[in-house]
1. Those residues that are β-branched (Val, Ile, Thr), crowded, with 19+ Cβ neighbours inside 10 Å and in contact (Cβ under 8 Å) with a residue 60 or more places away in the chain, I need them from the stretch 99-151; list them, please.
2. Among the numbered conditions (1) open to solvent by less than 20 Å² (accessible area, probe 1.4 Å); (2) over 16 Å from Tyr312 (Cβ atoms), tell me where Leu457 comes up short.
3. Being open to solvent by 20 Å² or more (accessible area, probe 1.4 Å) and farther than 27 Å from His275 by Cα, is that true of even one residue in the stretch 192-208?
4. Open to solvent by 40 Å² or more (accessible area, probe 1.4 Å) and under 22 Å from Ser567 (Cα atoms): does that describe Glu510?
5. Taking Ala242 as the residue in question, decide whether it is assigned to a helix (DSSP H, G or I), more than 28 Å from Lys449 (Cα to Cα) and open to solvent by less than 30 Å² (accessible area, probe 1.4 Å).
6. Is there a residue in the stretch 677-691 that is assigned to a strand (DSSP E or B), without any contact (Cβ under 8 Å) to a residue 12 or more places away in the chain, open to solvent by 10 Å² or more (accessible area, probe 1.4 Å) and not charged (D, E, K, R)?
7. For the stretch 245-271, give me the residue count where each residue is surrounded by 24 or more Cβ atoms within 10 Å (Cβ to Cβ) and touching a Gly at 6+ places or on another chain (Cβ under 6 Å).
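The values are calculated or read from the model by the stated rules, or taken from the named source; none is laboratory data. Since the model is a prediction, treat every value here as computed from it, not as a measurement. Note that each Cβ is placed from the backbone with ideal geometry, even for glycine, and that neighbours are counted across all protein chains shown. Please note that ligands, DNA and RNA were not included when accessible areas were found on the heavy atoms of the full protein model with its side chains. Shrake-Rupley method; radii C 1.70, N 1.55, O 1.52, S 1.80 Å.
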Amino acid sequence: PGAPRHTNRLIKEKSPYLLQHAHNPVDWYPWGQEAFDRAKKENKLIFLSVGYSTCHWCHVMEEESFKNKEIGEIMNKNFVCIKVDREERPDVDKVYMTFVQATSGGGGWPMSVWLTPDLKPFAGGTYFPPEDGVHRVGFRTVLLRIAEQWKENKNNLLESSQKILEALLHVSEIRVQGQGSPPPSKEVMATCFQQLSNSYDEDYGGFSKSPKFPTPVNLNFLFTYWALHRTTPEGAQALQMALHTLKMMAHGGIHDHISQGFHRYSTDQHWHVPHFEKMLYDQGQLAATYSRAFQISGDEFFADVAQDILLYVSRDLSDQEGGFYSAEDADSYPTTAAGEKREGAFCVWAAEEIRALLPDPVEGATEGTTLGDVFMHHYGVKENGNVNPMQDPHQELKGKNVLIVRCSPELTAAQFGLEPGRLGALLQEGRRRLSAARAQRPRPHLDTKMLAAWNGLMISGFAQAGAALAKQEYVSRAARAAAFLRKHLFDPASGRLLRSCYRGEDSTVEQSAVPIQGFLEDYVFVIQALFDLYEASLEQGWLEWALQLQHMQDKLFWDPEGFAYFSSEAGDPSLLLRLKNDQDGAEPAANSVTVTNLLRAACYSGHTEWVEKAGRILAAFSERLQKIPITLPEMARATAVFHDTLKQVVICGDPQGEDTKEMLRCVHSVFSPNKVLMLADGDSAGFLYRQLPFLGSLERKDGKATAYLCSNFACSLPVTSPQQLRGMLCP
């Protein structure tokens, strides 16, 4: 195509999502003072459109409406139009999403909101089709109606926007009631377990019929519940629910069997047909969850899935400087000659393609069996495609197959008269050839923005997998990414984190002209990552940085009156509400994770005021935790850790000594939700000894690496054998 007809000011932005809209005929502004000033000066309404670069319906609305010249003219004439990347500005997204959910009963992206010139919302929704249909009013009509209302009834609109804002302030406030104290953990855990088991799908795993999201927060809750109730029927049930869900997801089409990693969610109950985008935050959390499943069960199946996720991230979402990219899109061109993108085109297969790629006869199988026959049987491939038309409203997947493991290896082998031991190698060869064929297809768009929060989740994934699977290369990869954060997403002069950085033209790392400051979730997920990285690597520098960041988080976000942390800092006049997220969803809420962070920070520093803060967060969320803990499973899990007191596992020994390494391997091989690991290496001038004077009194027994289990800085008798240590960790 020739030069673009239109270019707007988004061309100067760094966000891949904003750049996707730089050639719309709409006069887009980024969120900022220039747009606000113009709205005030011309007394114009603002149209705010929020999305992200791998969002399927965002692409659809752009194609239909924002690229339409006439609709663009209506928008430019009547509104100041602002585009926001929700991954860059979760604070702006959250304020207006709270409004859309409260007024329409649903939410999602693209989000479309109309604001008064002083940024108060009065109308909104998500995706609008361009023209009126039988069931939906079209975008063009909505634009014209709202413009007309502003002309005719300006004062009514302003009044109602003020009332809406007051109602939102009231609804969204989360604060401690009276002399609030943390809720009783036994009841919170029991209620959360009950609510999860009521919504559990016994056949396919997961916690709803459809759509189905991976929600690692639910699985981590169940692991902790099991660890605290190992000998009860409920404990066994919790573990079974988590492991079955993880197995079904790994077999399903939500798991990319050819290029590894997990898609964002399944559109059906069976984990079969996904929405095909792949998000960094899912890979990070799932790598950690599958590693825990391996730690608990000893089943190599889970270790393999964790390694498969980390292979995908290392290969496809890694920047050469060490950071991690945000996401891969669902839509791509089916062939190099295709004119339009289709959802899932990169990932799906026609039966004849697979036959053509795998024609080889299989020795030792039933007469006439080809590699294609075996592969297609195992992965549920059908001649006319295996996608239910109900899951494919736009007929983009007609005649195509999404691979899903339909049989156990034993059943597939028996079907073709094969030795069971031979099947693995045959399937692996099939996957290898399909992978080579897929490499010839046009790739989906890659969102190369790098976010502190999501990099934090991914560092935790690599660090926890490295520790649980005893793989040093994963720990090294986590350390490289942490060093990247320190270099590109941290300002040593102010001690503050930045939200995002970007891959530039020549693969250098770039920053926007006015960097976006870090939000609460950036601090919380990075601090969690640094604690995980310390436990995996025992490099004290990561601990020191984590504690500095915790002090900064307290300063910027703590609510001294209502308790808990605000999602964004004070002092931004363009933010109408300072909110506290009250839901653990695809990502855990920052306040949920920070409870455990504060308890860990107190263990490493001796600052008991951090334990008090953790209790105050639980007190602020107490009502929700007691009534509907299923909306906060990560915080429910943290109530148990809070009430049971963290155990400091101190290993006294030479970091290079084989006996020390053996003790550390023992600690890493055990899942214990309330342990904090530290290495006392005898360097009394080191960071940990300065923070925790009691370490100076712990000695190596008979010169051997020695473990102590300490609680509230009082320690058990010393043990020197990994077997004894294991007994102490799993009472």
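1. Result: Val113, Thr116, Thr126.
2. Status for Leu457: all satisfied but (2).
3. yes
4. Considered against the rule, which asks whether it is open to solvent by 40 Å² or more (accessible area, probe 1.4 Å) and under 22 Å from Ser567 (Cα atoms), Glu510 comes out as no.
5. yes
6. No, the stretch 677-691 contains no residue that is assigned to a strand (DSSP E or B), without any contact (Cβ under 8 Å) to a residue 12 or more places away in the chain, open to solvent by 10 Å² or more (accessible area, probe 1.4 Å) and not charged (D, E, K, R).
7. Total satisfying the criteria: 2.
Yes/no per residue for (1) among the charged types (D, E, K, R); (2) open to solvent by less than 30 Å² (accessible area, probe 1.4 Å):
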{"site": "Glu340", "(1), (2)": "yes, no"}
{"site": "Ala345", "(1), (2)": "no, yes"}
{"site": "Ile354", "(1), (2)": "no, yes"}
{"site": "Leu357", "(1), (2)": "no, no"}
{"site": "Gly364", "(1), (2)": "no, no"}
{"site": "Thr370", "(1), (2)": "no, no"}
{"site": "Asp373", "(1), (2)": "yes, no"}
{"site": "Asn388", "(1), (2)": "no, no"}
{"site": "Glu396", "(1), (2)": "yes, no"}
